[in-house]
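Following: one structure in structure tokens, then a few remarks.
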């Protein structure tokens, strides 16, 4: 009778479970735990249809003062916009209207998340926001997976680059293989499987191979030295690979909490202000790197 080792069984189960899906990347949550109204914000529910006829949902937060620009916010891999709103709820008071999008499968958005389909969601949201921009600058702010998706989305979409004033990448990873391997290596059960899991999740949409194609759109790369989810080295490598105009903000604190810091908020607003006149292929001077 043939015997199979426990590790071999786990490898087979992991490979089977990951084939054709993206369970290690996307962790959606359907229910909203809060709404903008709960933090005294005006908002509009927005439902959009993607090119493949999936309905996705987002929140539009209008500026509370004279409009300075628009911010398209792409959140990380877990939960939904209701748990990530803390990163951007303060921007309307500063004159920026914000659109937060839930990828398919998240919150009120239909479908199930997967790659490359989520890029259709992101494209639908960006196109919608452009129509509400009122000829003011449009910025993309992505966090974690959202930053990684945004990097690839901007790099390979000429229409986006022509209409974007700047990209802010907060805690992005360099490539899918490395982040899947890193996450797997932190658990004793999956430590022996970190390379098979990494290979199974090796999507061809690597930020490290895309970020040098974003120029001349200004980019601000943000990463915390204390980040244990996506190591600081990922941010450093992305910054080294990116072309000018580029800036780097080395922060402290937990993953996903960058803009709970007033100091970091000021840096973000400085970036917006510095590149508010950028339009299309017109070059905008870079700002200095930051190290709070």
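The values are calculated or read from the model by the stated rules, or taken from the named source; none is laboratory data. All values reported here derive from a predicted model rather than from experimental measurement. Heads up, the Cβs are rebuilt from the backbone with ideal geometry, glycines too, and the neighbour counts pull from every protein chain shown.
The table that follows gives values for the structure above.
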| read-out | value |
| --- | --- |
| Residue in segment 62-82 that is farthest from residue 135 (Cα to Cα), counting only those that are free of Cβ contacts under 8 Å to residues at least 60 places away in the same chain and surrounded by fewer than 18 Cβ atoms within 10 Å (Cβ to Cβ) | 78 |
| Residue in segment 115-123 that is at pLDDT below 95, surrounded by fewer than 22 Cβ atoms within 10 Å (Cβ to Cβ) and within 20 Å of residue 230 (Cβ to Cβ) present | yes |
| Total residues in segment 49-61, condition assigned to a strand (DSSP E or B) and surrounded by 17 or more Cβ atoms within 10 Å (Cβ to Cβ) | 6 |
| Inter-residue pairs, beta-carbon under 8 Å, first farther than 11 Å from residue 212 by Cβ and in segment 232-245, second part of a helix (DSSP H, G or I), 6+ apart | 234/178; 234/179; 237/208 |
| Yes/no for residue 137 being surrounded by fewer than 24 Cβ atoms within 10 Å (Cβ to Cβ), touching a strand residue (DSSP E or B) at 6+ places or on another chain (Cβ under 9 Å) and more than 23 Å from residue 47 (Cβ to Cβ) | yes |
| Subset of segment 199-215 [outside any helix (DSSP H, G or I) and modelled with pLDDT under 95] | 201, 202, 203, 204, 205, 206 |
